[in-house]
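Heads up: the structure comes next, in structure tokens.
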Amino acid sequence: MSRRPSGDQGTITILVVGFAVILLLLVAVVVDVSAVVLARRGAASAADGAAIAAAQQLDQSALYANGLGSAIPLSPEQVQGAVAAYEAQAALTQPGLRLAPSLDETSTTASVVARRRLQLPFAAWFGLGEVTVTAVASARAPLVAP
């Protein structure tokens, strides 16, 4: 009967512990990346919804003064108010979300930039605790001839 060398005892334990550490690091990376992807999708959804809400804010004074051209004129004040209302509602489920509206030079297309600061669950252990995700959306009210 042969005897094991005494220096090999416990080597499998070190290997198992090493693999467990690698597995835990992989799980942490997957969780953090998933949090970023979901926050990005949420910000994009909020930007889309806010842009659609903003594109429905008709500027009646411009319409009465200039008539209806090739597009529906939008009111900057009403666009700002619609996006602020949308931001207040969306922030209930997406903390840290900020929406910034803008109009093109003809005031017919509304654009919304959504930014969300996100605290990552595991990256804080490595000094990368917070990231900002950004999404942009634009909308224009369609003008359909009768």
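Points worth noting:
- Ordering Tyr86, Tyr64 from the fewest to the most neighbouring beta carbons within 10 Å gives Tyr64, Tyr86.
- Extension gain, Leu23 to Ala88, is 19.4 nm, computed as 0.36 nm per intervening residue step minus the present C-alpha separation.
- Potential extension, Thr11-Val131 segment - 0.36 nm per residue separation minus Cα distance: 39.2 nm
- Exposure proxy ranking, count of Cβ atoms within 10 Å, fewest first, for Ser75, Ser34, Ser102: Ser34, Ser102, Ser75
- P(r) for the chain, from all Cα pairs and a bin width of 10 Å, is 11, 27, 19, 14, 10, 7, 5, 3, 2, 1, 0 %, short bins first.
No value in this document is a laboratory result; all are computed from the given coordinates. All of these numbers come straight from a predicted model, not from anything done at the bench. Using ideal geometry, Cβ is built from the backbone for each residue, glycine included, and neighbour counts are taken over all protein chains shown.
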